[in-house]
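Each value in this text was obtained by applying a stated rule to the coordinates, not by laboratory testing. Predicted model, so just to flag it, every value in this text is computed and none were measured.
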Amino acid sequence: MRVFLKEGIVVDIELANENYIESYLELIRGLASDKDSYVIVNYSDILPDLAGVKERSKLWNRGNISMHFALQKDRVIGYCGQKIGPTYGDQLQPHISEIWYAVAREFRGSGLIYPLIFQSLRNTDVKFVQAYVDTRNIRSAKVLENIGFQKMCKISENILDKRNNVFWDEYYFRGEREEVLKILKEKIDKLSIIMDV
Ligand SMILES: CC(C)(COP(=O)(O)OP(=O)(O)OC[C@H]1O[C@@H](n2cnc3c(N)ncnc32)[C@H](O)[C@@H]1OP(=O)(O)O)[C@@H](O)C(=O)NCCC(=O)NCCS
């Protein structure tokens, strides 16, 4: 899917594939040293390497895990992953998926996150979508609230920050996929972002 952001910026949102692994790793490494980022690498004391990412990429878009990349030419500038059956597996939770996402620093505030989540959710058939957000991550919580997710509860000490040896609290968010897609479409229109679907 081609996306036209403001100021003539064109981005493609595609299913992830192995051709982009190095660029994806570069994005992840950037996030690892980004003080405003709250993805897995920000809690870990080891950086992922190429072999590790290659291994994990074998799960992308097979079985219950999907991964979309936002691409500017060949550069990965964002991603949205999704897993069906996040807690009990896709046999017992075929109706729930979990999403995780990030965009490169220079694309924050551009609205890119909305078509990215839109494209990920459009391609699954679950009733509910969930996400965990560090309580310090105001931007991410706002994005989810903007698109119709509900903050269900706060879970104390839900993730260990291995770098600093401290546990952080997270919010548990949940939305109804169809409702979220409807609100996402409205939000994208309001931002004057054009999606060539
Ligand atoms: C989370 C992320 C994808 C959000 O995308 P983004 O492009 O930064 O989102 P926006 O700039 O649209 O900001 C979202 C909202 O937060 C608001 N916001 C931004 N900074 C804020 C601050 N310091 N205080 C209060 N609100 C703030 C914005 O105004 C916006 O609200 P609005 O749409 O109602 O105007 C992006 O910040 C990111 O990639 N972060 C690093 C990785 C990460 O943490 N991923 C999520 C893990 S759960």
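Which whole number in µm²/s is D for segment 98-197 by Stokes-Einstein, with the Kirkwood Rh taken over Cα pairs at 10 °C and 1.306 mPa s?
110
Taking amide H atoms as placed 1.01 Å from N in the peptide plane, the amide H of Ala16 lies under 5 Å from those of Met67, His68, Phe69, each 5 or more residues away in sequence or on another chain. With contacts taken as Cα pairs under 8 Å and at least 6 residues apart, the chain reaches a relative contact order of 22 percent.
With the gyration tensor restricted to C-alpha atoms of segment 2-196, the semi-axes of the equivalent ellipsoid amount to 23, 21, 18 Å, longest first.
Eigen-decomposition of the gyration tensor built on the alpha-carbon atoms of segment 13-125 gives equivalent ellipsoid semi-axes of 22, 17, 14 angstrom, largest listed first. Remark: segment 135-144, residue by residue, has Karplus-estimated 3J(HN,Hα) of 4, 7, 8, 4, 4, 5, 4, 5, 4, 5 Hz, where x stands for each Gly or Pro and the curve is 6.51 cos²θ - 1.76 cosθ + 1.60 at θ = phi - 60°.
Between the amide H of Ile155 and those of Glu170, Tyr171, Tyr172, distances stay under 5 Å, these residues lying 5 or more places away or on another chain, with hydrogens modeled in the peptide plane.
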